[in-house]
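In what follows, a structure is listed as structure tokens, so that the remarks can point back to it.
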Amino acid sequence: MAKQHYKLTKLEIIKRIIFLTIGAALVAVALEIFLVPNHIIDGGIVGVSIIFAELSDLPLGMFLFLLNLPFLVLGYKQIGKTFAISTLYGVTVMSIGTTLLHSVEPLTYSIFLAPVIGGVLLGIGVGLVIRFGGSLDGTEIVAILFTKKLPFSVGEIVMFINLFILGSAGFVFSWDSAMYSLIAYYIAFKMIDVTIEGFDESKSVWIISDEAKEVGDAIMSRLGRGVTYLHGEGGFSGGTKRVIFCVITRLEEAKLKMIVQELDPSAFLAVGNIHDVKGGRFKKRDIH
């Protein structure tokens with residue numbers, strides 16, 4: 001028998017609405033108070049909307065809403081009802097926000113501060129919306145559809161589309177604007193990652209050591225992290241190997257490497273980024 005679809009509790013719905021509102025409002029502030037008045041654009045549908053608004057003298061909010069509608073339909077079919085509703089709400093708040101803020105005087109006309117502060121606010125806003133189940137741009141949905149038919153990842157397709165859109169800013173505004181737009185886009189891209197994953201980013205660690213028990217015990221006692229022992233076999237030697245697997249935070253990486261170096265300088269160590277950790281015993285124990 002199939003499991004029932006998980007339904008959000010009232011508290012979860014309220015929390016989602018609050019953070020979707022904050023995220024979309026921050027994007028509106030970034031656009032109308034920092035980026036658009038300085039002829040700096042973003043990628044995706046937002047960038048296309050800014051260009052259309054500049055060429056037509058029509059409100060930016062109108063284009064943000066209308067151009068995203070077709071992708072909301074695609075999102076409903078491809079990803080689901082909750083995603084589509086969250087995205088519709090976020091896009092609506094963003095569109096209304098840009099309309100209300102359009103007559104507000106920009107906080108700066110500095111060509112240095114505008115892309116930096118605007119990019120930071122934009123990235124945090126978009127990151128909050130994504131983290132709480134929505135989207136403010138249909139580009140990702142298009143990429144998901146294309147990636148099924150093309151030998152490219154979603155990220156590669158999004159990057160290609162955005163480079164084309166950001167390059168268009170050179171023809172509509174100026175080539176200086178296009179280059180400043182790239183700076184703002186890069187800053188926003190990095191801030192989206194930070195907002196979604198947090199500063200306490202998790203990392204997976206694989207250690208192959210002849211002193212596996214000592215290294216594992218040290219990680220548990222000195223870092224307060226649990227470890228899992230796996231059994232492997234050397235590809236060249238054919239000998240059995242004990243592999244240590246554990247998950248740590250970015251701030252603990254240096255100390256873990258020091259522990260491994262101290263106990264077994266010849267150990268094989270591999271560290272990778274993890275986007276999300278759930279379940280198990282990842283919660284940190286007290287170090288003693």
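The values are calculated or read from the model by the stated rules, or taken from the named source; none is laboratory data. What you see is a predicted model; the values in this text were computed from it and never measured. All Cβ positions, even for glycine, are placed from backbone atoms using ideal geometry, and neighbour counts span all protein chains on display. What goes into the accessible areas is simple: the full protein's heavy atoms, side chains included, and nothing from ligands, DNA or RNA. Shrake-Rupley method; radii C 1.70, N 1.55, O 1.52, S 1.80 Å.
Among the conditions (1) under 30 Å from ILE244 (Cβ atoms); (2) modelled with pLDDT of 85 or more; (3) out of contact with any Lys or Arg (no Cβ under 6 Å at 6 or more places or on another chain); (4) not small (Gly, Ala, Ser), the only one that PHE199 does not satisfy is (2).
Put simply, of LEU182, LEU230 the only residue that is open to solvent by 40 Å² or more (accessible area, probe 1.4 Å), at pLDDT 80 or above and under 30 Å from PHE112 (Cα atoms) is LEU182.
Does GLY43 satisfy being touching a residue at least 40 places away in the same chain (Cβ under 8 Å), small (Gly, Ala, Ser), under 30 Å from GLU12 (Cβ atoms) and in contact with a helix residue (DSSP H, G or I) (Cβ under 7 Å, 6 or more places away or on another chain)?
Details: touching a residue at least 40 places away in the same chain (Cβ under 8 Å): yes; small (Gly, Ala, Ser): yes; under 30 Å from GLU12 (Cβ atoms): no; in contact with a helix residue (DSSP H, G or I) (Cβ under 7 Å, 6 or more places away or on another chain): yes.
Criteria not met by GLY43.
Contact map, segment 240-268: residues that are over 11 Å from LEU223 (Cα atoms) and assigned to a helix (DSSP H, G or I) paired with residues that are at pLDDT 90 or above and open to solvent by 90 Å² or more (accessible area, probe 1.4 Å), Cβ distance under 6 Å, separation 6+ or inter-chain. Pairs shown: LEU263/GLU214.
Pairs are defined by a Cβ separation below 8 Å, a sequence spacing of at least 6 or placement on different chains, a first member in segment 145-161 that is at negative phi, and a second member that is hydroxyl-bearing (Ser, Thr, Tyr) and at pLDDT 70 or above; the pairs so defined are VAL158/THR139; ILE161/THR139. Of everything in segment 102-120 that is of a type in the set (A, V, I, L, M) and open to solvent by 40 Å² or more (accessible area, probe 1.4 Å), the residue that is farthest from the chain's Cα centre (by Cα) is VAL104. Checking ILE111, ILE96 one by one, the residue that is at pLDDT 90 or above, of a type in the set (A, V, I, L, M) and either over 26 Å from ILE18 (Cβ atoms) or touching a Gly at 6+ places or on another chain (Cβ under 7 Å) (or both) is ILE96 and no other.
When segment 251-273 is filtered for residues that are open to solvent by 30 Å² or more (accessible area, probe 1.4 Å), modelled with pLDDT of 75 or more and under 16 Å from ARG225 (Cα atoms), the ones remaining, listed by number, are GLU253, ALA254, LYS255, LYS257, MET258, VAL271.
In segment 107-126, the residues that are within 16 Å of SER177 (Cα to Cα) form Cβ pairs under 8 Å with partners that are open to solvent by 20 Å² or more (accessible area, probe 1.4 Å) and among the aromatic types (Phe, Trp, Tyr), at six or more places apart or across chains, as follows: ILE111/TYR180; ALA114/TYR180; PRO115/TYR180; GLY119/TYR185; GLY119/TYR186. When each of ILE219, ILE165 is tested for being at pLDDT 80 or above, under 30 Å from LEU128 (Cβ atoms) and either open to solvent by less than 90 Å² (accessible area, probe 1.4 Å) or not in a helix (DSSP H, G or I) (or both), the lone residue that passes is ILE165.
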